[in-house]
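Novice: Please see the structure below; I have some questions.
No value in this document is a laboratory result; all are computed from the given coordinates. Please read all numbers here as calculations on a predicted model, not as lab measurements. With ideal geometry, Cβ positions are generated from the backbone for all residues, glycine too; neighbour counts draw on all protein chains shown.
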Amino acid sequence: MLPDFVPLYALVVVLFSLIYFSLASISFLLVGLEIPEVSQLFRGLFNVYFWMVGATSLLATAVFAVSGRMAFTAAMLLLATSAMAVRSRVLPLIDAQQAAWQSGDTTAMRRLRIIHWGGMLANIVILSTLASSARFIL
């Protein structure tokens, strides 16, 4: 059995990746996504976010499994698989909207902003859920 602080640290690592996305995604609200470099950074942010959440959640899954906390193990495994599944759906949507903008579709940027806001909202929900569950570890 692991000491209680090890699973707590694993949860903090997952929370760090979620907080990173929250802070990094705010800056994209201040610039136009029609700039090609900003658009590439935007896609890269989502790509790195999904990989970070997936990898840190898998690490937390292993730590919670070793510590014997099966409910947290299942939650972290669900978060890891969800991040990878959503990644395979969101990145092509971002690519499609960026290609539509390049071909002259003027509403593509609005759809890209909806993806952005949706990602931020989902991240806040996950972040608040995990942060509020930290008290059950100790």
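Novice: Helix-derived [θ] at 222 nm for the chain: sum -39500 (n - 2.57) over DSSP H runs of at least 4, divide by residue count, nearest 500?
Specialist: On the way: 4 runs with 113 residues, N = 138.
After summing the helix terms and dividing by residue count, I get -29500 deg cm²/dmol.
Novice: Then there is this: Taking 0.36 nm per residue of separation and subtracting the Cα-Cα distance, what length does fully extending TRP117 through VAL38 add?
Specialist: 26.8 nm
Novice: Could you tally the net charge around ASN47, taking each other residue with its Cβ under 15 Å from the Cβ of ASN47, Lys/Arg +1 and Asp/Glu -1? Walk me through the numbers on the way to the answer.
Specialist: Details: positive: ARG43, ARG87, ARG89; negative: ASP95.
Here the count lands on +2.
Novice: Using only Cα atoms, what is the ratio of the radius of gyration of segment 5-136 to 2.2 N^0.38 Å? The partial results should precede the final answer.
Specialist: Values: Rg = 16.3 Å, N = 132, 2.2 N^0.38 = 14.1 Å.
It is 1.16.
Novice: Another question, if that's okay. Can you give the FRET efficiency for ALA65 and ASP4, using 1/(1 + (r/R0)^6), R0 = 22 Å, r = Cβ-Cβ distance, to the nearest 0.05?
Specialist: Working: r = 15 Å, r/R0 = 0.70.
E between ALA65 and ASP4, to the nearest 0.05, is 0.90.
Novice: Could you work out which residue, out of MET76, MET52, MET120, moves most in a Gaussian network model of the chain, that is, has the largest mean-square fluctuation with Cα springs under 10 Å?
Specialist: Of MET76, MET52, MET120, the Gaussian network model singles out MET120 as fluctuating most.
Novice: Using the Cβ atoms and a cut-off under 13 Å, what net charge is assigned to the surroundings of ALA10, where Lys and Arg are +1 and Asp and Glu are -1? Each step should come with its number before you reach the end.
Specialist: Values: positive: ARG69; negative: ASP4.
Around ALA10, the charge tally is 0.
Novice: Want the number for ALA134 to TRP51: 0.36 nm per residue separation, take away the alpha-carbon distance, what's left? Kindly include the intermediate steps, with their values, before the conclusion.
Specialist: Working: separation 83, 0.36 × 83 = 29.88 nm, distance 2.24 nm.
Full extension of this stretch gives 27.6 nm more.
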